[in-house]
Amino acid sequence: MSEILEEKIQSVIDSISEVNHDAEKKTKDYIASLAMPPGSLGQLEKIASKLSAITGRVKNKISKKRICVFCADNGVAHQGVSSAPISVTAKQAVNMTKALTGMSSIAAYFNCQLQVVDVGIATAYDCKEIFNRNIMKGTNDISLEAAMSVEDCQKAILVGIDFAYLAKKDGIDILGSGEMGIANTTTSTAVLAALTSSPVEEITGRGGGLTDAALENKIKVIKKALAVNNVKSAKSITEILARVGGLDIAALCGFFLGAAATRIPVVIDGYISAIAALCAYRMSSKAVSYFFPSHLSKEKGYLLAVNEMSLSPYLHLDMRLGEGSGCPLAFNIIEAATAFVSGMATFENANINDDYLKEIRAAGDF
């Protein structure tokens, strides 16, 4: 069974194609003709060009926006690595469907569609609006044993892929990535340590809020998990995720792969989302061309993850909520990039002689 699942995942990876660099160049050239000093819209210009590389069009419009939130519990929560009890995962998953959480209230305000997916919630809930794709009732405690089997990890990756493909079927223009799972900064940090061999002390943050003593305990638990599960012997990203990851991270990894395979731009939220994106990038370097970062997470390991993918967050707002909260904000930034390309006048249309910019353009210092 595991071999069949792996073949399905690999077929998706193999289907990820290069972006359209010709369209990207046409957009850059068109932006250069717009009535403004070269490079004056900074990152918005780069966003517009990157989006064109995905769509193949110079002028784009974003109408249908969707955030997918993958929810799962983590057995390592019982080791005191989080300030919240595991019951919060299920309660907040339900609250998301009612637009009562931080992310979902912002998403509702900006008319973003929201899908909440249960891939491993441990406690019972009553909510028909949640997509039930539960693989197991929370993972095992990674400080004692592997989080899950490789097969269960593959199933979670495929759940994420399925929701990206569903978005394509539904005509979604842009996707956002979200998660909900108590103790998932612990599992994310364990995965990041396994991927990069970084010292655990240097990349472990306080998550939802920990005292100094609790932070020290979290570091010890992660170190133990890496040793118990012998992550250095893991031969694949899937094995790393199965040993010290979480079902939410695995599903998000698949979601990023699926978005790239279906050529849908996808926004990375914060820390957990960035680790999942890094896993997808390690599985297919082409996938990163479809990723758009949102905000700078306050978690220590965030920059390590996005720097490896040569990405830089657009927003610095001291955010550390997770859930996908950065996505509706980033959607608006990306929409602004499409707006100026579609609506701004060229020098010719504005009846402005742009000869005064020849020296600036020749210098290329912008």
Taking 240-251, 303-314, 146-157, 325-336 and ranking on average Cβ neighbours within 10 Å, highest first, one gets 240-251, 146-157, 325-336, 303-314
Once Met1 and Ile13 are pulled to full extension, the length gained, defined as 0.36 nm per residue separation minus their Cα-Cα distance, is 2.4 nm
Quick P(r) readout (the range 1-54; Cα-Cα; 5 Å bins; whole %) gives 4, 19, 19, 13, 10, 7, 8, 8, 6, 4, 2, 1
dims of the range 49-149, Cα set, principal axes, largest to smallest, nearest Å -> 52, 29, 25
Plugging the Cβ-Cβ distance of Asp355 and Gln113 into 1/(1 + (r/R0)^6) at R0 = 45 Å yields, to the nearest 0.05, a FRET efficiency of 0.40
Diffing the range 227-236: the Karplus 3J(HN,Hα) column from phi (6.51, -1.76, 1.60, θ = phi - 60°), in whole Hz with x for Gly and Pro, holds 6, 4, 9, 6, 4, 5, 8, 5, 9, 7
A student asked for the Cα radius of gyration and Dmax of the range 135-275 in angstrom ought to give 15.3, 48
Once the in-chain neighbours fewer than 8 apart are removed, the lysines whose Cα is under 25 Å from Lys300 read Lys218, Lys220, Lys223, Lys224, Lys232
In this structure, among Lys65/Lys169; Lys235/Lys286; Lys65/Lys137, pairs with alpha-carbon gaps over 23 Å are Lys65/Lys137
Bounding extents of the range 225-366 in its principal axis frame from Cα atoms, largest first in Å, are 68, 31, 29
Eigenvalues of the alpha-carbon gyration tensor of the chain, times 5 and square-rooted, give semi-axes in Å, largest first, of 37, 21, 20
A correct Karplus calculation of ³J(HN,Hα) over the range 255-268, with 6.51 cos²θ - 1.76 cosθ + 1.60, θ = phi - 60°, whole Hz and x for Gly and Pro, returns 4, 5, 5, x, 4, 5, 5, 9, 6, 10, x, 9, 8, 7
In order over the range 142-149: 3J(HN,Hα) from phi, Karplus 6.51/-1.76/1.60, θ = phi - 60°, whole Hz, x for each Gly or Pro, gives 5, 7, 10, 6, 5, 4, 6, 6
Excluding residues fewer than 8 positions from Lys26 in its own chain, the aspartates and glutamates with Cα under 15 Å of it are Glu45
Averaging 1/r across every pair of distinct alpha carbons in the range 64-120 and inverting yields a Kirkwood hydrodynamic radius, in angstrom, of 12.2 Å
Of every hundred units of 1.4 Å-probe accessible area on the chain, the number belonging to carbon and sulfur atoms, as a percent, is 51 percent
Residues whose modelled amide H sits under 5 Å from the amide H of Gly324, counting only those 5 or more places away in sequence or on another chain, are Glu179, Gly270
Checked the range 293-340 with the C-alpha gyration tensor, a ≥ b ≥ c its square-rooted eigenvalues, rounded below a/c of 1.5, otherwise prolate if a/b is larger than b/c and oblate if not; verdict oblate
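The values are calculated or read from the model by the stated rules, or taken from the named source; none is laboratory data. Here the structure is a predicted model, which means the values were calculated and not measured. Heads up, the Cβs are rebuilt from the backbone with ideal geometry, glycines too, and the neighbour counts pull from every protein chain shown. Heads up: the accessible areas ignore ligands, DNA and RNA and are worked out on the full protein's heavy atoms, side chains in. Shrake-Rupley method; radii C 1.70, N 1.55, O 1.52, S 1.80 Å.
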